[in-house]
Amino acid sequence: MIKGYQSELMDVYQKIRANEEKQLRERRAEIKALYPQILELDNEIHKLSLKLTMTILKANTTEEDIEKIKDEITNLRAKKCEALVERGYSPEYLNMHYRCNKCQDTGYIGVEKCDCYKDKLVKLYYKDSELQEILKDNNFSKFNIDLFSSSREDSREKYSAKTNMKNNLNFIMKDFIPNFSKSSDNLLFYGTAGSGKTFLSYCIAKELLDRGYLVVYKTSDELIRALRDIKFNNNEYLEKLLIDCDLLIIDDLGSEQLNDFAATELFNLINRKLLKKKKMLISTNFTLADLAKHYSERISSRLLGNFKLQKFYSDDIRIKLNLSKR
């Protein structure tokens, strides 16, 4: 996990607890003003609880001494609850009201992260992925395999567009996503425009984000602008985000303006991700031969040698979708 997320989440929990403590003080002040005898009972319970702790720590304490104090606390708690309920309050009115009772809003149960911690982390990941809105309509639940032709229209291809996409999906759903934390696979989606590459990338992003992985999506043009920001504005946070995220999706590789700066920084990014074993998913409309021609041998050799190649082909799915909505 990127260190910044840990401190950000701890700040979130600190603010939650501070707010809960403030509300408890306000509730106690209210009861003190209206029913001071109830607050006296609550204060006596706190004193006895402290006494119980000190008694347990004493070397010569008997079990009888401990049980006697426990009984006193139980009786006082019963009286306090009855008094609160008689006056229309919840019996828990003078207790802390935690949002998560399992970890008492600390984020941890012992040394293990609480489920609420993981939920908050996923929300932060969604925010930084910049995909929160688009993934509402671009995910596996909206995937329509019937948009792909079942006819083998191109004799050069081994499968129909539908069968080819089913094969791609089968690998993604049964291998890539379930084994994401163990596998070292990077993916290269290549093929014609509108053949489902970006949509499937979105589907993968949502699935992994929901499982608690940090996914960052950039078009190739956005990525070059980000690399420029890192280089010339010393944007360390953005650099860490791109390098350390669990999956970096680079969409539409080849559409960026390629110059010496872009080529150098793109190579450096891909190489650093490979060395750190942080995964990438890159999509392009180029053929594999076009990739080798367009990019330097340093870049193309890494794309073709360190990525699992998945080919896409179909009539333009976006046109079909648009027509189906009319």
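The values are calculated or read from the model by the stated rules, or taken from the named source; none is laboratory data. Values in this document were obtained by computation on a predicted structure and should not be read as measured data. Cβ: placed from backbone, ideal geometry, glycine included. Neighbour counts: every protein chain shown.
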Run down Ala59, Ala83, Ala78 and say which single residue is surrounded by fewer than 11 Cβ atoms within 10 Å (Cβ to Cβ) and either in the same structural domain as Ala18 (by TED's automatic domain parsing) or of a type outside the set (A, V, I, L, M) (or both). Ala59
Checked Ser301, Ser255, Ser296 against criteria (under 28 Å from Ser181 (Cβ atoms) and of a type in the set (Ser, Thr, Tyr)); the one match is Ser301
Residues in region 116-130 that are at pLDDT 85 or above and either assigned to a loop (DSSP other than H, G, I, E, B) or touching a Gly at 6+ places or on another chain (Cβ under 6 Å) (or both): how many? 1
Name the pairs: first residue in region 110-135 and farther than 26 Å from Ile250 by Cα, second residue assigned to a helix (DSSP H, G or I), Cβ to Cβ under 8 Å, at least 6 apart or on different chains? Tyr117/Leu9
Checking the condition modelled with pLDDT of 95 or more, within 26 Å of Asn138 (Cα to Cα) and surrounded by fewer than 16 Cβ atoms within 10 Å (Cβ to Cβ), which residue from Lys308, Lys279 passes? Lys308
How many residues of region 199-245 are touching a Lys or Arg at 6+ places or on another chain (Cβ under 9 Å), aliphatic (A, V, I, L, M) and under 24 Å from Ser181 (Cβ atoms)? The answer is 3
Would you mind listing the helices (runs of 4 or more DSSP H) fully within region 147-247 where at least 3 residues are surrounded by fewer than 18 Cβ atoms within 10 Å (Cβ to Cβ)? 161-171, 220-233, 236-244
What is the number of the single condition among (1) outside the structural domain of Tyr217 (by TED's automatic domain parsing); (2) in a loop (DSSP other than H, G, I, E, B) that Asn138 does not meet? (1)
So Glu44 passes all but one of these: (1) of a type in the set (D, E, K, R); (2) exposed (fewer than 14 other Cβ atoms within 10 Å of the Cβ); (3) more than 43 Å from the chain's Cα centre (by Cα). Which condition number does it fail? (2)
For Leu94: the one exception among (1) at pLDDT below 90; (2) in contact with a helix residue (DSSP H, G or I) (Cβ under 9 Å, 6 or more places away or on another chain): (1)
Hey, among the residues in region 93-123 that are surrounded by 13 or more Cβ atoms within 10 Å (Cβ to Cβ) and among the β-branched types (Val, Ile, Thr), which one's farthest from Glu21 (Cα to Cα)? Val122
Of the residues in region 250-273 that are of a type in the set (D, E, K, R) and in a helix (DSSP H, G or I), the one that is surrounded by the fewest Cβ atoms within 10 Å (Cβ to Cβ) is Asp260
Is at least one residue of region 283-297 part of a helix (DSSP H, G or I), crowded, with 20+ Cβ neighbours inside 10 Å and either of a type outside the set (Ser, Thr, Tyr) or assigned by TED's automatic domain parsing to the domain that holds Phe199 (or both)? no
Cross-chain or 6+ apart pairs with Cβ under 8 Å, region 214-243 first and touching a residue at least 60 places away in the same chain (Cβ under 8 Å) and among the aromatic types (Phe, Trp, Tyr), then part of a loop (DSSP other than H, G, I, E, B) and surrounded by 15 or more Cβ atoms within 10 Å (Cβ to Cβ): Tyr217/Leu131
